[in-house]
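Here is the structure we will look at.
Laboratory data are not the source of any read-out in this text; all were calculated from the coordinates shown. The structure presented is a predicted model; accordingly, all values stated were derived computationally and were not measured. So basically every Cβ, Gly included, is an ideal-geometry build from the backbone, and we count neighbours across all protein chains shown.
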Amino acid sequence: MTQEDARFPKDFVFGAATAAYQCEGETRTHGKGKVAWDDYLDEKGLFSADPASDFYHRYPEDLRLCQEYGINGIRVSIAWSRIFPNGDDPVPNSEGVAFYHRLFAECRSRGVEPYVTLHHFDSPDALYREGDFLNQHAIDAFERYARFCFAEYPEVTHWFTFNEIWAVVSNMYIEGTWPRGQRYRLDLAFQAMHNMMVAHARAVLAFEELGHPGSIGVVHALSTKYPDDPAAAGDVEAARIDDVLNNQFLLEATFDGRYSEETLDCANRLAALAGGRLEFLPEDLEQLAAAAPHNDCLGINYYQSNFLKAYDGPNDCHHNSTGEKGTERHALQGIGEYVARPEIPRTDWDWMIYPQGLYDLVMRICRQWPHYKELYVTENGMASKDRLEEGAVHDEERIHYIREHLRWALKAIAEGAHLRGYFVWSLMDVFSWNNGYNKRYGLFYVDFDTQERIPKDSARWYAKVAQERFLDT
Ligand code: NOJ
């Protein structure tokens, strides 16, 4: 990489990301309504999202740290049930509404641009109980909630509707590791992805209709799928089908506003194998089509890629939620199985570290949807069981991880990708859905007993990159 190629565009956003339920705390106070996670975590008795990183009270300190460390963008999400406690109440909860005004004002005063997501894994419990996005009511209520937020918060100019629709459905209906806990229901997974994309489309159209300034998009969790053996037809097919499930279906809904024949064939076949059938209403498809050209940007959450082998056994997944390396297993009937490659490192949670996958993904979007407008890497980061040693966290591995992903991002930019920014997951250590608190991603270490924030080595390194707009090698 030449000196010039190692330089970031002058308006590149060096961001960091958070999500309401993972950092705010105060999950059942100040008028906030329940979300499905509340009872689920109580029943499991493993961890609590209270006070998490106590962002509800400590956001001024976190934003001061952003400013000090050159972080000029922050991803936050609005907790839907802090605004509408039951998801669709006639009157919003004024305390919740006021909290986000204070938060956005603090962002502005610190020169940190807020990128705001409307739904980050936290559907209000009342809607969840009715079937969440498998029920039309959630789609209608989401549109009302989105309209309310657009009108209420003109100080926000960057909006995302959903965070990681794929993660929602795979954890709820395929792996069964989140509330709902259903397994191998690919029919429900595809149906929920479609319905959430319809809700996204309706929010995009509302944003357009209201004439709000600024941009709107969706954040997808994408992973590049490679055949383990590119010469083996079965492996190539396994990678193709898994790509449809994880990436292609959602990207077509986003950018084309329709599904191709190949994608529909695949989705219908997998739904039938799971014992169900998909229903895409004509009026919903019309909204998808109408909204597609109005997507201003796409957020990409990229953590890992997967290598696949052909597989004709039964469904067999085991999710590594404890950080015991080597315990993950992922094999789906009608698709294929993930294989570990000895030469490719993995995190303790068995996520394959493959920075080139980010580049391949970005370039594939540029090629396949040349009419896309802007891309952001809205999440990328490395989990580890960080330890505080004499007041410091020496997280060399995280620095290496981020540096390598930024290097491939720069290559994509040099080749013409409209990649406008990068957000480290996460700004500070936060609550992790399946893992509680031993899976840390933050640039800032959080002592969860005292809530003290301690900059890790990665925070200092990232500050230097952001300040110099240059990637050291
Ligand atoms: C993606 C999600 O958006 C975030 O909530 C999660 O904690 C990270 N990935 C790490 O798993």
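Points to keep in mind about this one:
- Pairs of Lys residues in the chain, spaced 8 or more positions apart or belonging to different chains, with C-alpha separations under 13 angstrom: 5 in total.
- Region 202-235 and region 33-55 have Cα centres separated by 29 Å.
- Charged side chains reduced to their Cβ positions (Lys and Arg at +1, Asp and Glu at -1) give region 43-198 a dipole of some 180 debye around its Cα centre.
- Only helices enter the 222 nm calculation for the chain: every DSSP H run of n ≥ 4 contributes -39,500 (n - 2.57), and dividing by all residues gives -11500 deg cm²/dmol, rounded to 500.
- Charging the Cβ of each Asp and Glu at -1 and of each Lys and Arg at +1, and nothing else, the dipole of the chain about its Cα centre rounds to 640 debye.
- Residues with amide H under 5 Å from that of GLY421, placed H, sequence gap 5 or more: VAL13, VAL377
- Segments 366-373, 453-460, 19-26 sorted - mean Cβ within 10 Å per residue, highest first: 19-26, 453-460, 366-373
- Theoretical FRET efficiency, 1/(1+(r/R0)^6), r = Cβ-Cβ of GLU452 and HIS137, R0 60 Å, to 0.05: 0.90
- FRET efficiency for the SER260 to ARG28 pair, using the beta carbon distance and R₀ = 35 Å, is estimated at 0.20.
- Region 429-473, Rg to Rh (Cα coordinates; Rh as Kirkwood inverse mean 1/r): 1.10
- A cut-off under 15 angstrom between Cβ atoms defines the neighbours of GLU4, and their net charge, with Lys, Arg +1 and Asp, Glu -1, is +1.
- Principal axis dimensions, region 94-221 - Cα atoms, whole angstrom, descending: 47, 29, 27
- Rg(Cα) / (2.2 N^0.38 Å) computed for region 352-473, rounded to two decimals: 1.16
- Across all C-alpha atoms in the chain, the radius of gyration and Dmax reach 20.9, 62 Å.
- Förster radius 30 Å - calculated FRET efficiency between ARG102 and ASP11 (Cβ-Cβ, nearest 0.05): 0.65
- Between GLU283 and THR473, the modelled label-to-label distance comes to 5.8 nm, taking each label 7 Å out from Cα in the direction of the beta carbon.
- Axial C-alpha extent at least 30 Å, average Kyte-Doolittle at least -0.5 - helices from the chain (DSSP): 186-210
- Checking every one of the GluC sites (Glu not before Pro) in region 394-473 against DSSP loop status and a limit of 14 other Cβ atoms within 10 Å picks out GLU415.
- Computed from backbone phi with θ = phi - 60° and the Karplus coefficients 6.51, -1.76 and 1.60, the 3J(HN,Hα) list for region 170-179 is 5, 6, 7, 10, 10, 8, x, 9, 10, x Hz; x is used for glycine and proline.
- Cβ-defined net charge surrounding ILE399, 13 Å radius [Lys, Arg +1; Asp, Glu -1]: -1
- Mean-position separation - Cα centroids, region 65-130 and region 253-276, in angstrom: 33
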